[in-house]
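Working notes, beginning with the structure itself.
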Amino acid sequence: MKIIGTGSALPKKVVTNDMLTEFFDTSDEWIRTRTGIETRRIITDESLLELAITASNRALEASGLKAQDLDYIICSNVNNNYVYPSMSCMVQGAIGATCPCFDIRIACAGFVYAMDLADSFLKTGRATRILVLAAEEPTRFCNWAQRETSVLFGDGAAAAIVEDSDGYMGARMTTTSNTEVLFQRKRLEPTPFEVEGKYLDHPMVMNGREVFRMAVSSCSSEISSLLNDAGYKVEDIKFFILHQANLRIIKGIEQYLGGIPEQYPTTVQKYGNTSSASIPILLDELVRANKIERGDLIVMSGFGSGFTTGSLLMRY
Ligand code: ACO
């Protein structure tokens, strides 16, 4: 599998740490030192769907393909204001594609899982060109009455168009069923047969310290095994494109794996945690800044609710 075009789109509203002090007791100093985050982009009058369409069109333009050339669209999305149809169906019509499409819901590791799925479709000949998209609005699942989670997130969308080639070196996926450390419950429509209290909603619940610990240990060991299996060393990798949740998590993984800080690029300072969109947003920024060259080895690695991690190794 080879990436032939990337694109991203972010909301125009820039929210600084200082702006958040209007809503709860926090400070720029606390947020910066604990997370590295300085600003984030939050959706206002645009919609997540609009961002997803813009990101997809930019990726198409970069690839030189037309929407009609796509054989599949796979979108990683946790929530938007439609339960159905899927985000990918809405994007398909808007960009003028006619291919089959579907969404996956794996939280922050979703883009890596979607890329791995895309590789299987390409390898089995089910498709020759796939749009892999991540569109996320995590600011709409935190509890804005609480400072613990609301300071961490931002919104955004990004896409990559992939086609078959021998550049995909493999992936490792891990799911450890630990549903208590990070979850959000959504209220279902009541039925006359409802057992009261069974389907109560609940905004995001996060055990930050446990998520931190699991993220560093799980991603580090997964990436190590992936490199060992493929016969590569840390110094062979141009970029480790990691889920942008927290600068300290990224530093923790860097400390475990080794290498130099330039191999671990970041956007978390300016965009916060954009869930599964964070990896393709960073990828798109590196591509557009001409920092990645054809043939460079890259690792993408994400973690999130589940607890789920996914890491892949490929040549750009
Ligand atoms: N502003 C000011 N104080 C705060 C804030 C805030 N926004 N949030 C929490 N605090 C307070 C707490 O109430 C606590 O106060 P106390 O000591 O009086 O009880 C104190 O700060 C320390 O809180 P801790 O939770 O111990 O702080 P910690 O150093 O662990 O940092 C953080 C918290 C930033 C959440 C960290 O644990 C973390 O980043 N974990 C990973 C979270 C993450 O990445 N989540 C998303 C990943 S998965 C996904 O992407 C969906």
Please list Ser177, Ser165 from largest to smallest accessible area, probe radius 1.4 Å, with all protein chains kept in place. Ser177, Ser165
Report Tyr82's accessible area, 1.4 Å probe, all protein chains in place, as a number in Å² to the nearest 10. 120
Given the C-alpha atoms of the chain, compute the convex hull and give its volume per residue in Å³. 141
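Calculated from DSSP H runs of 4 or more alone, at -39500 (n - 2.57) each and per residue, what is the 222 nm mean residue ellipticity of the chain, nearest 500? Mind showing how you got there, number by number?
Working: 10 runs with 104 residues, N = 316.
When only DSSP H runs of four or more count, the value is -10000 deg cm²/dmol.
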Go through the range 152-163 residue by residue and turn each phi into a ³J(HN,Hα) via Karplus (6.51, -1.76, 1.60, θ = phi - 60°); whole Hz please, and just put x for glycine and proline. 8, 10, x, 10, x, 9, 7, 9, 9, 9, 10, 9
Given a 10 angstrom Cα cut-off, can you work out which residue in Ala62, Ala52, Ala159 is the most mobile in a GNM of the chain? Ala62
Sort the following peptides by mean Cβ neighbour count (other Cβ atoms within 10 Å, averaged over residues), highest first: 241-252, 14-25. 241-252, 14-25
Lysine pair number, Cα distance threshold 18 Å (strictly under), the chain, separation 8 or more or different chains: 10
Given a 10 angstrom Cα cut-off, can you work out which residue in Gln263, Gln92, Gln146 is the most mobile in a GNM of the chain? Gln146
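Give me the percent of the accessible area of the chain that comes from carbon and sulfur atoms, probe 1.4 Å, all protein chains in place. Mind showing how you got there, number by number?
Working: 6990 of 14230 Å².
The value for the chain is 49 percent carbon and sulfur by accessible area.
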Based on the mean of other beta carbon atoms within 10 Å per residue, what is the order of 273-279, 45-51, most packed first? 273-279, 45-51
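Provide the per residue accessible area, probe 1.4 Å, for the range 137-279, rounded to a whole number of square angstrom.
On the way: 7200 Å² over 143 residues.
About 50 Å² of surface per residue is accessible.
The values are calculated or read from the model by the stated rules, or taken from the named source; none is laboratory data. The structure displayed is predicted, hence computed values, not measured ones. Positions of Cβ are backbone-derived with ideal geometry, glycine not excepted, and every protein chain shown enters the neighbour counts. Side chains are part of the model used for accessible areas, which takes the heavy atoms of the whole protein and leaves out ligands, DNA and RNA. Shrake-Rupley method; radii C 1.70, N 1.55, O 1.52, S 1.80 Å.
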